[in-house]
């Protein structure tokens, strides 16, 4: 059931970016898994599961372990676990509305996630659990998310309590250089 849903979603979105447009699809479902501070899995009423990447934000990376051996194969960043726990606490097991903006190269639905009227993406930034991902932000979210990040920095919330936190995109680039 999952593959036909993803194919239909990709066809509905087309091949070009949909950042500045209205959502191409709205999904209502329950958050069945939180992978890290900016990625979740949502299951709709028909049982289709969709991996969702929160649009316009980038949370610190969590360490990744081999399930069988328990060995760490990818290190995490400071505050990665806290960001994961924050997102899990906000929407884990909750019914959400997913406003799909695009599909990324990992076949995740890049989306604004809402719990009622709350923009969870913006809340993650405002509470200091993620950066506004300026490289991928478009109106009207750019000014809102950047303002939320500035507020979190000013108030020293979450990861902004650290002296000079490393953005996740720089952390990932450094990991690629080590391989």
*Report whether or not residue 29 is under 20 Å from residue 130 (Cβ atoms) and touching a strand residue (DSSP E or B) at 6+ places or on another chain (Cβ under 9 Å).*
no
*Could you list all residues from segment 135-179 that are within 22 Å of residue 103 (Cβ to Cβ) and touching a helix residue (DSSP H, G or I) at 6+ places or on another chain (Cβ under 7 Å)?*
137, 145
*Within segment 18-41, count every residue that is modelled with pLDDT of 95 or more and under 30 Å from residue 76 (Cα atoms).*
13
_Just to verify a result, which residue in segment 25-77, among those that are within 22 Å of residue 162 (Cβ to Cβ), over 17 Å from the mean Cα position of the chain (by Cα) and in contact (Cβ under 8 Å) with a residue 12 or more places away in the chain, is surrounded by the fewest Cβ atoms within 10 Å (Cβ to Cβ)?_
74
*Within segment 137-146, restricting attention to residues that are under 15 Å from residue 38 (Cβ atoms) and touching a strand residue (DSSP E or B) at 6+ places or on another chain (Cβ under 8 Å), which residue is surrounded by the fewest Cβ atoms within 10 Å (Cβ to Cβ)?*
141
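The values are calculated or read from the model by the stated rules, or taken from the named source; none is laboratory data. Quantities reported herein were computed from a predicted structural model and do not represent experimental measurements. Glycine gets a Cβ as well: all are built from the backbone with ideal geometry, and neighbour counts include every protein chain shown.
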